[in-house]
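Participant: Below you'll find the structure I mean.
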Amino acid sequence: MKKKLIFIFTLIILIFIYVFLLSINYVKAVSCNLSDSVLRLHIIANSNSTDDQNLKLKVRDNIIKYMNTLTSDCSNKSDVISKVSNNLDKFKEIAINTIKENGYNYNVNLEIGNFYFPTKSYGDISFPSGYYDALKIEIGKAVGQNWWCVLFPPLCFVNSTTGIVPDESKEELKESVNSEGYKIISEGNTNESNEPDIKIKFKLIEFFNNLEKQ
């Protein structure tokens, strides 16, 4: 009887380890696909004062406007990153000029890198927490609230009234990520999924990516 209990206990442990390893591999595969497919924009305000937060949004608008012009002929993330990298001085100039035009003298730091992002929704599209490539813009002391969007595929212009990402942006997103990744970001954090396991997978990705951050 004792040997049988030891066998059952050992079998349960092995099954748990097997499921755990499968989960880790799944999370890594989906997270890598999402991370490799998008370029995000991260702007940090000087402070949380109303004026500094409004200034952050003005910088955002001018940065996105220039970004759309600069990358209008780009069809993939690599081309977008290349153009952004080659024009960082112009991005900084736009940000500083916007700040000065609004009566401030804050410095601006820009960096393209791989940064941790919390779970974030853009209308009806949600990206789980994890590490993503991004253009990060820090204004002044950069201790204010953050602002995020996705530069590629372009999700920065979500309809603020309906909270819906335009179909054109969704199509570009579908072309950039694999089918599993698209299901995760379009259904995993909503109440509209017809597949309950998608919600579980979304939470699983959040869980393991948050562990990785710690």
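Participant: With Kirkwood's inverse mean 1/r over C-alpha pairs for Rh, give me the Rg to Rh ratio of the chain, two decimals please.
Facilitator: My calculation puts Rg/Rh at 1.09.
Participant: Further question: Rounded, prolate or oblate: which fits segment 33-151 when a ≥ b ≥ c are the square roots of the eigenvalues of the alpha-carbon gyration tensor, with rounded for a/c under 1.5 and prolate only if a/b beats b/c?
Facilitator: oblate
Participant: May I ask you to derive the FRET efficiency for residue 110 and residue 36 from their Cβ-Cβ distance with R0 = 25 Å, giving the value to the nearest 0.05?
Facilitator: Here the calculated transfer efficiency is 0.70.
Participant: A further question on this structure: Pairing rule first: another cysteine's C-beta must sit under 4.7 Å. Under that rule, which cysteines of the chain stay single?
Facilitator: Unpaired cysteines in the chain: 32, 74.
Participant: Same structure again: Determine, for each peptide in 8-17, 92-101, the mean count of other beta carbons within 10 angstrom over its residues, then list the peptides with the highest first.
Facilitator: Highest-to-lowest ranking by the protection proxy: 92-101, 8-17.
Participant: So how strong a dipole does the chain carry about its Cα centre when Lys and Arg Cβ are +1 and Asp and Glu Cβ are -1, to the nearest 20 debye?
Facilitator: It comes to approximately 960 debye.
Participant: Quick check on the chain: helices-only [θ] at 222 nm, where DSSP H runs of length 4 and up contribute -39,500 (n - 2.57) each and the sum goes over total residues. Nearest 500, please. Show your work: numbers first, answer last.
Facilitator: Details: 7 runs with 118 residues, N = 214.
Mean residue ellipticity at 222 nm (helix-derived): -18500 deg cm²/dmol.
Participant: Percent relative contact order of the chain, based on C-alpha pairs within less than 8 angstrom and at least six residues apart?
Facilitator: 27 percent
Each value in this text was obtained by applying a stated rule to the coordinates, not by laboratory testing. Remember, it's a predicted structure, so these values are computed and weren't measured experimentally. For neighbour counting, all protein chains shown are included, and Cβ atoms are generated from backbone atoms with ideal geometry for every residue, glycine included.
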